[in-house]
Amino acid sequence: MFVDSHAHLDTSRFNSDRDAVIQAAFAGGVTRIVDPGCDLASSRDALALAKAYPGAIFAGVGTHPHEATTHSSEIEEQYRAMAREPEVVAIGEFGLDYFRMLTQRETQREVFCAHLRLARECDLPCIIHVRDAHDDVMELLRAHGQGLRGVFHCFSGTIAQAEECLEFEGFLLSFAGPLTREGNELPEVARRAPLERLLVETDSPYLVPKPLKARRNEPLFVKQTAAKLAEVRGLTLEEVAQATSANAERLFRLPRNAANDA
Ligand SMILES: [Zn+2]
């Protein structure tokens, strides 16, 4: 049984066949999916989806760094209200993205800190997006994130950066499709990190894992990344599924899934 800890099922790329994609995931052993919001509208959509699939889909609420200019205290108020719903299990995704830099640095940093405060206030884990901004994320977490928990989603950094991330005790690393690709340090990161600090995700509809050739990623394909994780750690797929599912349950405080006890 797998948990896809990060899938944007609410996006329009699933409009024509969303339920079929979700049913395929369930049939393939993906028992729980976390759908993080990227702005107010997608956070609402993620929550609606979570309510439509109780106990199986859960939502995050937050503003992605690409959308950081749209963030406001009014939107934060909406997130705060949504966070009281039991289906909302995280604040995010939010973070810093200096690769595309769709929003200037200072605004991104302010919005990042606003989400940390919200996560603390709501006692929810953070789903953090980092791209070309590792040092700033570390700096802001050290200053404002003490005691928080969360996940560095789609971790794509170096061994040294992973070690720094893991110094934040409540935080996990989540691997997506890049773990299955060549030319990065991720297999070594995955080998060294404590198993109880790891999650798997798809980041659907993006980042199709190798060797799949699909044009769109979907939660079922989380097994491909889990298989790579099993390979580099010398574990069985079942052991990786069991460990990463338990980690996701603990981080997001997911209710126990009946199918998981089988
Ligand atoms: Zn994402």
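Observations on the structure shown:
- Flag if Cys126 is farther than 25 Å from Asp19 by Cα, touching a helix residue (DSSP H, G or I) at 6+ places or on another chain (Cβ under 7 Å) and within 16 Å of the ligand (Cβ to nearest atom): yes
- Number of the condition not met by Phe58 [criteria: (1) more than 15 Å from the ligand (Cβ to nearest atom); (2) of a type in the set (Phe, Trp, Tyr); (3) touching a helix residue (DSSP H, G or I) at 6+ places or on another chain (Cβ under 7 Å)]: (1)
- Any hit, region 205-213, residues being closer than 18 Å to His129 by Cα, under 18 Å from the mean Cα position of the chain (by Cα) and more than 16 Å from the ligand (Cβ to nearest atom): no
- Just one of the listed residues (Arg100, Arg84) is within 16 Å of the ligand (Cβ to nearest atom) and surrounded by fewer than 14 Cβ atoms within 10 Å (Cβ to Cβ), namely Arg100.
- Inter-residue pairs, beta-carbon under 7 Å, first part of a loop (DSSP other than H, G, I, E, B) and in region 129-141, second aliphatic (A, V, I, L, M) and crowded, with 23+ Cβ neighbours inside 10 Å, 6+ apart: Ala133/Leu96
- Residue match in region 192-211 (condition: among the hydroxyl-bearing types (Ser, Thr, Tyr), part of a loop (DSSP other than H, G, I, E, B) and farther than 18 Å from Pro125 by Cβ): yes
- Qualifying residues in region 64-117 (those that are aromatic (Phe, Trp, Tyr) and part of a helix (DSSP H, G or I)) - the one nearest to Ala48 (Cα to Cα): Tyr79
Every number here is computed from the coordinates shown, using simple stated rules; none is lab data. Treat the numbers as computed from the prediction; the structure is a model and nothing was measured. Quick reminder, even Gly has a Cβ in these numbers, built from the backbone with ideal geometry, and neighbours come from all protein chains shown.
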